[in-house]
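The values are calculated or read from the model by the stated rules, or taken from the named source; none is laboratory data. Since we're looking at a predicted model, the values are computed, not measured. Note that each Cβ is placed from the backbone with ideal geometry, even for glycine, and that neighbours are counted across all protein chains shown.
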Amino acid sequence: MPKAFPNEDTGVHSNPERWLHVNHWDSGAELVLVAAGAQNLGGAVAVGATRRIREITVRHSGQANTVITLSVGGVNRLSFDVPAQTTRTWSSQDGREFLAATQPQIASSAAAVGAETYITAAGVEA
């Protein structure tokens, strides 16, 4: 069997699917928003890492449309509309970047008791 060249690509460092799997991040259990204020989306970004939120899934049970806002430190990074009683997924190949030690937050403008908004998010952190 021939020996591999020292600079031969084994896929460990250049396989995008492997990299995404190894560095996957998600927000954990489904977040239930019952008030219009911002809530933490997952934990703070790890020291020495950068998080890119690439997908947010929203199930909105309210009777009115809602605006979902993703922010950090009071600065809005993304907002999008979700019609009443629908499920929508926002996604972006590059995502929204959050630097080390920051705490991403998310809010629903129409969230209230009896009109909950359910959120999950995913991306990468490396």
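Yes/no per residue for (1) within 18 Å of T117 (Cβ to Cβ); (2) charged (D, E, K, R):
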{"site": "R51", "(1), (2)": "no, yes"}
{"site": "S71", "(1), (2)": "yes, no"}
{"site": "L78", "(1), (2)": "yes, no"}
{"site": "P83", "(1), (2)": "yes, no"}
{"site": "R88", "(1), (2)": "yes, yes"}
{"site": "T102", "(1), (2)": "no, no"}
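Please count how many residues of region 69-122 are of a type in the set (G, A, S) and touching a residue at least 60 places away in the same chain (Cβ under 8 Å).
Initially, region 69-122 is screened for residues of a type in the set (G, A, S), giving 71, 73-74, 79, 84, 91-92, 95, 100-101, 107-112, 114-115, 121-122.
Add one more test, that the residue is touching a residue at least 60 places away in the same chain (Cβ under 8 Å), and what stays is 107-112, 121-122.
Total satisfying the criteria: 8.
Out of all the residues in region 111-118, is one or more outside any loop (DSSP other than H, G, I, E, B) and in contact with a strand residue (DSSP E or B) (Cβ under 7 Å, 6 or more places away or on another chain)?
Restricting attention to region 111-118, the residues satisfying the condition of being outside any loop (DSSP other than H, G, I, E, B) are 112, 115, 117-118.
Adding the requirement that they be in contact with a strand residue (DSSP E or B) (Cβ under 7 Å, 6 or more places away or on another chain) leaves 117-118.
Within region 111-118 (the criterion being outside any loop (DSSP other than H, G, I, E, B) and in contact with a strand residue (DSSP E or B) (Cβ under 7 Å, 6 or more places away or on another chain)), the answer is yes, since at least one residue qualifies.
Which one of these is part of a loop (DSSP other than H, G, I, E, B), modelled with pLDDT under 95 and either in contact with an Asp or Glu (Cβ under 6 Å, 6 or more places away or on another chain) or closer than 15 Å to Q105 by Cα (or both): A49, A36, A44? Break it down stepwise before answering.
Numbers: A49 fails: modelled with pLDDT under 95; A44 fails: modelled with pLDDT under 95.
Result: A36 is the single residue among A49, A36, A44 that is part of a loop (DSSP other than H, G, I, E, B), modelled with pLDDT under 95 and either in contact with an Asp or Glu (Cβ under 6 Å, 6 or more places away or on another chain) or closer than 15 Å to Q105 by Cα (or both).
When you go through R77, R52 one by one, which is the residue that is within 14 Å of A126 (Cα to Cα) and surrounded by 14 or more Cβ atoms within 10 Å (Cβ to Cβ)? Break it down into steps so the answer makes sense when it comes.
Working: R77 fails: within 14 Å of A126 (Cα to Cα).
Sole residue among the options that is within 14 Å of A126 (Cα to Cα) and surrounded by 14 or more Cβ atoms within 10 Å (Cβ to Cβ): R52.
Could you count how many residues in region 80-107 are loosely packed, with under 14 Cβ neighbours inside 10 Å, under 14 Å from the mean Cα position of the chain (by Cα) and either of a type in the set (D, E, K, R) or assigned to a strand (DSSP E or B) (or both)? Outline the logic, then answer.
Here is the first cut: in region 80-107, the residues loosely packed, with under 14 Cβ neighbours inside 10 Å are 80-81, 83-87, 89, 91-94, 99-101.
When the remaining residues are screened for being under 14 Å from the mean Cα position of the chain (by Cα), the result is 80, 89, 91-94, 99.
The next check asks that each one be either of a type in the set (D, E, K, R) or assigned to a strand (DSSP E or B) (or both); those that pass are 80, 89, 91-94.
Total satisfying the criteria: 6.
Can you give me the number of residues within region 55-67 that are farther than 17 Å from G114 by Cα and surrounded by 21 or more Cβ atoms within 10 Å (Cβ to Cβ)?
The number of residues fulfilling the criteria is 1.
Hey, among the residues in region 1-33 that are aromatic (F, W, Y) and more than 13 Å from the chain's Cα centre (by Cα), which one's modelled with the lowest pLDDT?
Quick first cut of region 1-33, residues aromatic (F, W, Y) only: 5, 19, 25.
Right, trim to more than 13 Å from the chain's Cα centre (by Cα) and you get 5, 19.
On the way: F5: 54, W19: 85.
Ranking the candidates gives F5 first.
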